Structure formats: C-alpha cells, structure tokens
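*Asks:* Can you keep this structure in mind? I'll have questions shortly.
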C-alpha cells in the first residue's frame, strides 16, 4: 500500500465491543494512523473491542478511544469507517446512535467506508437505495431489498446522491478498500 499524507484528516470508526472481524478494524486503523490521520474508535460501551477471526476465533483486543454516545460533533471528522464481522454488524445496526452517526455522515455528504457485513448499518439508515455497493455475499439480498445495486467486486466506490460510499466484501479485499479510503481522504 502506497503512503499518502493524511496529516490533519480525522476518521471515526464505529463498532460494538465484541465480534468485529479483527483485520477489518486493525488494518484500516493502523494504515490510516501510519499515514498521519487521527482515528477515533467509538464503541457501544466503555472498554476494549474483543475482535474475532472468521467470526469464530478470538482475535486481538483493540482499544476504543470513546463511546458512541460521546460522539456529538460529526463536523470534526472527514470519513466514517464501519468494520464488519457478522456479530459486530448485527448488533451495531441495532444501536440507534450508530445508525444516527451513519445518517449524519451521509446527510453531511461525507464519505462512508463499510466492509463485509457493515452495510447492515447503512441499510438501517434507508439511504442505500440507488447506490452501488458490495458486501459479504450473504448480504446481497438485504442490499437489493433496500434498493441498492449489489456488485461482486473487491471494492465499489459510488459518488452518487451527494455522498461517497466505499464498500468491500471481506478481509481479502483490504488492500483495495484502504486504497479507496486513501483516495477519498487525499488532499486534492
């Protein structure tokens, strides 16, 4: 992955405290921080995130920097990152504050990057209608039922309707996913 100077850029990652797919949070967060971006990780509850590998095996713990409820000023952020993991994503879409944060980024026209099962949270906003996106294959019907145009591709970037949506299918697509995030954040 190429180095892009993201100094001064701020990213908000949202997750629950259990069940995030390890690489879907660790790889983008470490990459963005390595390129100079500030990344806040907001979780449903205080404390660390217990990640999983393949939704089964215990992975690394990732320290959260804040909680979802403490996020009240979205204007300070340049991009929203939503990692997957079926356990995390299924619970995150039930968190009203997480859905409100996603809606806030969309309404403000700010980029949203979601991987694997994370589009479930975006479906809850009601704003995927007409958007091209990808996800873990098992969400294909959910995306289509919400009016989205599901595509089987390593990364899909859709700039329509006043906001940028970056999506990928799974951890194997992380290089393309973080590359698209870099492009969305890179200074013009």
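*Asks:* Among (1) more than 28 Å from residue 132 (Cα to Cα); (2) part of a loop (DSSP other than H, G, I, E, B); (3) out of contact with any strand residue (DSSP E or B) (no Cβ under 7 Å at 6 or more places or on another chain), where does residue 94 come up short?
*Replies:* Result: residue 94 passes all but (1).
*Asks:* Here are some residues: 153, 160, 168. Which one is within 24 Å of residue 29 (Cα to Cα), more than 16 Å from the chain's Cα centre (by Cα) and in contact (Cβ under 8 Å) with a residue 12 or more places away in the chain?
*Replies:* 153
*Asks:* In addition: Go through (1) surrounded by fewer than 20 Cβ atoms within 10 Å (Cβ to Cβ); (2) within 17 Å of the chain's Cα centre (by Cα); (3) outside any helix (DSSP H, G or I) and name the single condition residue 135 misses.
*Replies:* Among (1) surrounded by fewer than 20 Cβ atoms within 10 Å (Cβ to Cβ); (2) within 17 Å of the chain's Cα centre (by Cα); (3) outside any helix (DSSP H, G or I), residue 135 violates only (1).
*Asks:* Right, next: Can you find a residue that is within 14 Å of the chain's Cα centre (by Cα), closer than 19 Å to residue 89 by Cα and part of a strand (DSSP E or B) anywhere in segment 51-65?
*Replies:* no
*Asks:* Taking segment 101-123 as the search range and keeping residues that are within 12 Å of residue 80 (Cα to Cα) and out of contact with any strand residue (DSSP E or B) (no Cβ under 8 Å at 6 or more places or on another chain), which one is surrounded by the fewest Cβ atoms within 10 Å (Cβ to Cβ)?
*Replies:* Going through the qualifying residues, I end up with 109.
Read-outs: derived from the displayed coordinates by stated rules, not from any lab. Being a predicted model, the structure only gives us computed values, none of them experimental. Because the Cβ atoms are built from the backbone with ideal geometry, glycine has one as well, and the counts that use them run over all protein chains shown.
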